[in-house]
Amino acid sequence: MEKQKLIHTFGALAELGHEVAHKQNFQEMIRTSLHLLLGSLAIMRGGVARYSRFGHELNMLVIRGLGEEFPLTLSLCDEDERQFLTNGLAPIEVAQAKVLPFFQIYDRSFEKKRVELLVPLVIRNEIVGVILLGEKANGEPYSAYDLEIICAMSRHIGVGIAQRNLMAELERRAEENRKLYEDLRTTYKDTVKAFATAIDCKDKYTEGHSVRVGKYSEIIAEELGWDENEVEGAAVAGYLHDVGKLTVERNIINAPYRINAKESAELNKHPAVGYEILLPIHHPYADVPLAAKYHHERLDGRGYPDGLFDKEIPYIAKIVNLADSFDAMTTDRPYKRRRPANEIIEDLQRNSGKQFAPELVTAFFKGMLKELTGENKDKRFRRLLGRDYMETEGIIPMLKNALNGISPTSSLTLVSLD
Amino acid sequence: MNTNIIIRAEGEKAVVYASDYLNKLSGETIERECRRQLDMGCKMLVVNFAETEIVNSIGISILLGVIDAAQNAGAKVIFSDVKAETIELFEMLGLTNHVMLN
Ligand SMILES: [Fe+2]
Ligand SMILES: [Fe+2]
């Protein structure tokens, strides 16, 4: 008889340990645990409550046989908490618990349902919950052996709840972190825009240039099918590409004539200077400094500062280069008025594979076409270029033709593969 | 309802086949079904253990739930076809104080 009893209770204890360690679903774990505890000693009724430190209350997670009128939330006061902590994880007989303040309130509910034991779940000196237990099926009082078993099983359940609390805390912190990161990113984006405005202020003839290059870069990246983050990175690279101009003398930038060789050399330092400025900043996106450094490079190697060829040029720099050139072509300069849209499309097409990466020109044209055909309702080009600029007759067939004519990869790429 | 639990109700008597299903959390379905029978006026609840090899702690807990519900409803509980070993367990734990065996 004794042997069988041992097998039965230790079977339950082992199963409970396994349950707490392996169950994914917290509610199920707690329900199963209570079954195991009640079933191991044949206890008629009971419940498991989780303690909320902030609300100072016990919330019943599961109850069995306590009836519908049993309170599902029990408030504790400081004195109760102190007593529980002093007691530690050990069953308290209801007769002894009568001195606890909270017992005065719930006395009747306990008595009615014959609650005989309270087990404060104190884990690492913290109350995580309480277990309530009713009478045994055999009507006998709890033996010392029973109390040992209850203690061991309660500890398992307490650890299960503590683990769950820890998980919830971790999740909350992760969420907080995410929000913090969002805030940081917003701050970063605002800073970038402020920077772009500062750059553009210096150049009175090309007002809004950086912002537009940012927007065109964004369109290209979007048409390439990049994800939200990468698109944002492309926009930032566009916004900041000319940051190096902040150190170039104002009269060179604003010269109302074609600048001479010396002035030109001065101006041509701006990509390298931009790189120097951007490199120490921690950007949420890669390649922002590289975009600044190489946005005047060309596929055919005739660009500056390093005369890089096609594959040597960072992809982001190619995007910004196209966006930058497009804006230069489509804005009035002191010595040159902007040309009509059809000429510019021809220009881009002609230079595809020479200055520009063909797939980027294709992406850009696709973006234009989508807006002109109404597939994209954002009206981004219209806002950046003015009302009628793109809506010239014959532009749509021209773009379609161009899209058919551009080979997907540049000849230079093929040569470099050999 | 799960196919593992078979309930036969005849007038005020209902027979529940415990099977091995009793020993898992899903055994709560058995308890729910018993409560439903009691709510419908069942006065004699027979739990049949013919298909039950062993009863573990979860099973005991669920049976206690059934007993408690029956007592509250003023109904009798009979355990039938219980294996000898399980009878010993029921006696040891005091379940036999609350039910009739046959
Ligand atoms: Fe530039
Ligand atoms: Fe530029």
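Which one is surrounded by the fewest Cβ atoms within 10 Å (Cβ to Cβ), of the residues in region A:173-226 that are more than 13 Å from the chain's Cα centre (by Cα), among the small types (Gly, Ala, Ser) and modelled with pLDDT of 90 or more?
Among them, the one singled out is A:Gly225.
Evaluate the following for A:Ile63: is it under 21 Å from B:Ala69 (Cα atoms) and touching a strand residue (DSSP E or B) at 6+ places or on another chain (Cβ under 9 Å)?
yes
So which residues in region B:82-98 are surrounded by 14 or more Cβ atoms within 10 Å (Cβ to Cβ) and more than 10 Å from chain A (Cβ to nearest Cβ)?
Once the filter is applied, which keeps residues that are surrounded by 14 or more Cβ atoms within 10 Å (Cβ to Cβ) and more than 10 Å from chain A (Cβ to nearest Cβ), region B:82-98 yields B:Val82, B:Lys83, B:Thr86, B:Ile87.
Going by the structure shown, is A:Arg350 within 16 Å of ligand 1 (Cβ to nearest atom), over 17 Å from A:Ala221 (Cα atoms), in the same structural domain as A:Arg298 (by TED's automatic domain parsing) and over 39 Å from the mean Cα position of the chain (by Cα)?
No; evaluated as a whole, the condition is false for this residue.
Can you find a residue that is within 16 Å of ligand 1 (Cβ to nearest atom) and among the β-branched types (Val, Ile, Thr) anywhere in region A:333-347?
no
If you take the residues of region A:129-155 that are within 13 Å of chain B (Cβ to nearest Cβ) and among the charged types (D, E, K, R), which of them is most open to solvent (accessible area, probe 1.4 Å)?
Of everything passing the filter in region A:129-155, A:Glu140 is most open to solvent (accessible area, probe 1.4 Å).
Regarding region A:226-238, can at least one residue be identified that is closer than 25 Å to A:Tyr181 by Cβ and within 13 Å of ligand 1 (Cβ to nearest atom)?
Yes, some residue in region A:226-238 is closer than 25 Å to A:Tyr181 by Cβ and within 13 Å of ligand 1 (Cβ to nearest atom).
Provide a single number: the residues in region A:252-283 that are touching a residue at least 40 places away in the same chain (Cβ under 8 Å) and either within 14 Å of ligand 2 (Cβ to nearest atom) or open to solvent by 50 Å² or more (accessible area, probe 1.4 Å) (or both).
Total satisfying the criteria: 4.
Among the residues of region A:328-344, are any away from ligand 2 (no atom under 14 Å from the Cβ), closer than 19 Å to A:Gly238 by Cβ and not charged (D, E, K, R)?
Yes; the residues of region A:328-344 include at least one that is away from ligand 2 (no atom under 14 Å from the Cβ), closer than 19 Å to A:Gly238 by Cβ and not charged (D, E, K, R).
Scanning region B:39-62 for residues that are of a type in the set (A, V, I, L, M, F, W, C) and within 14 Å of another protein chain (Cβ to nearest Cβ), which turns out surrounded by the fewest Cβ atoms within 10 Å (Cβ to Cβ)?
Residue satisfying both the conditions and the ranking: B:Ile54.
If I filter region A:242-251 for residues that are buried (at least 21 other Cβ atoms within 10 Å of the Cβ), over 33 Å from the mean Cα position of the chain (by Cα) and either more than 13 Å from ligand 2 (Cβ to nearest atom) or not hydrophobic (A, V, I, L, M, F, W, C) (or both), do I get at least one hit?
Yes, that holds for at least one residue.
If you check A:Leu184, A:Leu170, which single one turns out to be in contact with a Pro (Cβ under 9 Å, 6 or more places away or on another chain) and more than 16 Å from ligand 2 (Cβ to nearest atom)?
A:Leu184
Hey, could you check region A:14-62 for residues that are among the β-branched types (Val, Ile, Thr) and touching a Ser or Thr at 6+ places or on another chain (Cβ under 9 Å) and say which is nearest to the other protein chains (Cβ to nearest Cβ)?
The residue in question is A:Ile43.
Regarding A:Asp300, is this residue more than 11 Å from ligand 1 (Cβ to nearest atom) and open to solvent by 50 Å² or more (accessible area, probe 1.4 Å)?
Taking the combined requirement at face value, the residue does not satisfy it.
The values are calculated or read from the model by the stated rules, or taken from the named source; none is laboratory data. Remember, it's a predicted structure, so these values are computed and weren't measured experimentally. When we count neighbours, we look across all protein chains shown, and the Cβ atoms used for this are built from the backbone with ideal geometry, even at glycine. Calculation scope for accessible area: heavy atoms of the full protein, side chains included, ligands and nucleic acids excluded. Shrake-Rupley method; radii C 1.70, N 1.55, O 1.52, S 1.80 Å.
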